[in-house]
Amino acid sequence: AIKDGDIEFAVDQQPYLQGYLSIDSLWLYKNNGNYMGGGEQPVLTGPAFVDKSNVEKVAAFAAKGTR
């Protein structure tokens, strides 16, 4: 719909990254005592905006199932 001009933009929340970082963060904390965001701040995985300037790039990742 972005390519066709039906909508101007969409919000990309990157669920793959949300899932990956949550598991990776737990592993790092358990095995090395690491924590991200200082334990106080969120670890941002989006949202990002998809528009005509980046729709092709994001669509390629989405087709692979990683975004």
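Some points to look at:
- Placing +1 on each Lys and Arg Cβ and -1 on each Asp and Glu Cβ, with no other charges, gives the chain a dipole about its Cα centre of roughly 300 debye.
- Selection from V43, I2, W27 lying farthest towards where the dipole of the chain points positive, charges on Cβ: W27
- When the P(r) of the chain is calculated, the portion above 21 Å amounts to 39% of the C-alpha pairs.
- Sequence-distant lysines (8 or more away, or on other chains) whose Cα lies within less than 18 Å of K52: K3
- All other residues whose Cβ lies under 14 angstrom from that of K64 are scored, Lys and Arg at +1 and Asp and Glu at -1, for a net of +1.
- Angle in degrees between helix 15-32 and the longest Cα principal axis of the chain, rounded to the nearest 10: 10
- C-alpha long axis of helix 55-64 to longest principal axis of the chain, angle in °: 60
Values quoted throughout were computed directly from the atomic coordinates according to the rules given, and no laboratory measurement underlies them. Everything numeric here is computed off the predicted structure, so don't read it as measured data. Heads up, the Cβs are rebuilt from the backbone with ideal geometry, glycines too, and the neighbour counts pull from every protein chain shown.
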